Structures are given as C-alpha cells and as structure tokens.
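Only one structure is covered here, and it is reproduced in the block below.
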Amino acid sequence: MKFKVLKWAEDCKARTGLLETPHGIIETPVFMPVGTQATVKTLTPDELEQIGAKIILSNTYHLYLRPGHRIIEEAGGLHRFMNWEGSILTDSGGYQVFSLGELREIREEGVTFRSHIDGSLHFISPETSIEIQNSLGADIIMAFDECIPYPATYEYVKNSVERTTRWAERCKKHHKNEKQTLFGIVQGGLYKDLREKSARDLVSMDFKGYAVGGLSVGEPKEHMYEVLDYTVPLLPEDKPRYLMGVGSPDAIFEGIIRGIDMFDCVLPTRIARHGTVFTARGRLVVKNAAYARDFSPLDPECDCYVCKNYTRAYIRHLINANEVLGIRLTTIHNLYFLLSLMEKIRRAIEGGYLLEFKQEFFKKFGYDQG
Ligand code: PRF
Ligand code: ZN
C-alpha cells in the first residue's frame, strides 16, 4: 500500500490524498460501506461499483464463524469469494468480540467467547486474528484491540489500553504478508494521557496506517471531537488515519476537519433497511404515511439511479409491503448520497473552501442529525 497527501487545507487540518492498494487507487477522505458478512447487504458488487464505492469493510469475527476463513481461503480469498474487485479492509474482530458482553472473557493471551450463532466456544488472539485476516486476504487489515466500553474508569482503561498496545506489538510481529497492510488502533477512552500514550507507543512501532478506535461508543459527540483534537496531531502526517465506526454526516465533517482520512459505518445501510434516507434537507422517513402520494424522488437534488427513476410513494409502498426492492433502493440512494458527499468534500478541500461548504451543507441538512 502507498499513501500520498495531495493537498492540505489552510484553515483546518483536512487533507486530500491517494491510497493505493493492490486493488486500486482510492481518493481520500473516503467512506467505506460495511459488508460485514462478505456482502454490503442487498447490493451486488456491480451496483456498489456504480455507486462509486472503491473500498469496503468486512469483519473477521463474522467470517471466521461463518462460513469459516478456510473456506474463503479455498475460494481464492475474500475478493474472489464475493466477486468484488475493489479494495477491502477487514476489522480484526476486536470490536465484535467485545460487543458480546456476557459471552466473553479477556486474558493477556486473547479472548474466549461464545458464538452468537450457535453458542460454541472460540478463542481469538492477536496471532489468530492476523492469521484469519491473512486467509481472508483483505488489502488492509487491523490490529486486534479492545474497544473499551463507555463509560469506563481510568483504572480499567489504563489496563486495557496497555494490553491493546502489547497486542498490537504481537500483531505486527506475526504479520508477514507484504501484500496486506496492517494498521494500528489507538485506544484510551476519553482520557487524554492514555490516548497520548497509546498514540505514541503505536507510532513508535511504525505501522503503515493508524486508526482511532473506541469512539462513537455512546459518549457525547463533543467528547469524540475533543479526543480527535489531541490525538490526530500525534499521528504521522504521511500515513492514513482511520476513524472506526463513524459515518454520520456531521461526524464525518468534524473528523475530516481534524485530519481523518477514512471512515466506515453501518449507518447509511442500516437506516436504509429501516426506511430512512438521507436528503440534502436532512433525514426523511420514507415509510411514513406522509409520502403515500408523494411522487417526487427521495431527494430532488440527488442524481443517483434511484432518484432518477423512482418516487417516494413507490418506495414507501415497497417497504411497507416488505418487498426487498424497497430496501435495495434506499440502500443504493443512501450510499450514493454519502459517497457523493465525500466527493464534494474532497473537491472542497482541493478548492480551499471546506469550512464554507460545511456551513452551507448543514444550513440545509440541519444540525441535530445524530
Ligand atoms: N476497534 C475495532 N473496530 C471498531 C472499533 C474499535 O474501537 C470501533 C469503535 N467505534 C468500531 N469498530 N477493532
Ligand atoms: Zn438518490
């Protein structure tokens, strides 16, 4: 993987860049649609490509449990298995395993957990996470970390983040596939000194890219922005920075302004399946009765395939009748909306008008969107 910064904003820390993987060149800042189970729910890879996606995220935890990474390896890797020729990033399993709550036990060696599918007992360590990710064959892979829940005491976060750093070292040592790029993940909860220590320790290990993890876990958004304010400047300027699990328009703008290059989030695809779409004027719950006779597009300002061809009334009908086409159409539109927003943001950084563009965007979109 190669990364090059192209242009720095003058009035904030935003930058544009190019990220080159064995599966293509990605303009940053970039949004990665989530394909947890080797599919971005309801869409074919062809459709994803047409929407403009260049890189998607998939999950080690889910693919290890089902169908099993050996099967995906046998298929020729994740790209071939799912017929996606673009880039892929796999998350390490750290986050998913820790979301299981009662079902897991953390030790220095690794994490023992029960499958959410059949209750069977499993163990993932930094080494096994890397091995699974090596079998899956994604372009970018992530270190095995603990995503600390919110709120957490200083004592808990200190012990956890120190262990995550030792795990990062073990991941780095175990990773030998040069075609895959390993990113480190900064943790540390909302404690400044622990975030700083985590960032410094990981940077001294010289990863090819850095993620900021442990945010968007229930803390007020202002706290997340504050953590980014002091954490991102500690990360090397010439390497990509990835804010994990964040993808609402407001958090994307705030992250980019603070120097973030990569985002992923289930938000656009998940709300789509519940009948909510992004529009230039904010979120719209197209399922609502108010749209029964609304023969205008989801977003009159959008030029996606859905907005050029279908009405709110039709899509509302499909969703309420449980027709799968309904959620396919809202998913296509929402991803297009977010990916084209990223494109506009990149142009705004290049043109030197990002902060003006942000103001203009939220004046219409509204500020209270979660
Ligand atoms: N660690 C990992 N994956 C993640 C996170 C994390 O902290 C988050 C936090 N929002 C999302 N996905 N490995
Ligand atoms: Zn649209």
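For the stretch 249-352, the set of trypsin sites (Lys or Arg not before Pro) satisfying both a DSSP loop assignment and a count of at most 16 other C-beta atoms within 10 Å is given as R281, R293. Here the gap between T153 and E343, fully extended at 0.36 nm per residue and compared with their Cα-Cα distance, gives a gain of 64.4 nm. Restriction of the chymotrypsin sites (Phe, Trp or Tyr not before Pro) in the stretch 297-370 to DSSP coil positions whose beta-carbon has at most 11 other beta-carbons within 10 angstrom yields Y367. Other residues within the sphere of radius under 15 Å centred on the Cβ of H69, judged by their own Cβ, net out at -2 (K and R +1, D and E -1). Taking the average, over residues, of other Cβ atoms within 10 Å as the packing measure, peptides 13-21, 189-197, 89-97 rank 89-97, 13-21, 189-197 from highest down. Bridges between two residues of the chain, per DSSP, are antiparallel at a rate of about 50%. Provide the FRET efficiency to the nearest 0.05 for the S115-L18 pair, computing r from the beta carbons and using R0 = 41 Å. About 0.55, to the nearest 0.05.
Using helices alone, I'd like the mean residue ellipticity at 222 nm for the chain: each DSSP H run of four-plus residues gives -39500 (n - 2.57), total over residue count, nearest 500.
Result for the chain, helices only: -12500 deg cm²/dmol.
Just the isolated ones, please: cysteines in the chain lacking another cysteine beta carbon under 4.7 angstrom. Cysteines of the chain left without a disulfide-compatible partner: C12, C147, C171, C265, C304.
Here each label is just a point 7 Å from Cα along the line to Cβ, and for E237 and R270 those points are 3.6 nm apart. Shape class of the stretch 1-61 from the Cα gyration tensor (axes a ≥ b ≥ c, square roots of the eigenvalues): prolate, since a/c reaches 1.5 or more and a/b is larger than b/c.
In sequence order, the stretch 128-143 has phi-based couplings of 5, 4, 5, 4, 5, 5, 5, 5, 5, x, 5, 6, 10, 10, 10, 5 Hz under the Karplus curve 6.51 cos²θ - 1.76 cosθ + 1.60, θ = phi - 60°, and Gly or Pro positions carry x. Using a ≥ b ≥ c from the Cα gyration tensor of the stretch 88-165 (square roots of the eigenvalues), is it rounded, prolate or oblate, where a/c under 1.5 gives rounded and otherwise the larger of a/b and b/c decides, a/b for prolate? Cα axes put the stretch 88-165 in the oblate bin.
Under the criterion of Cα pairs below 8 Å and six or more residues apart, the relative contact order for the chain equals 17 percent.
The numbers here are math on the coordinates, done by the rules we state, and not lab data. This structure is a prediction, so every number in the text was calculated from the model and none was measured. Neighbour counts run over all protein chains shown; Cβ positions are idealised from the backbone, glycine included.
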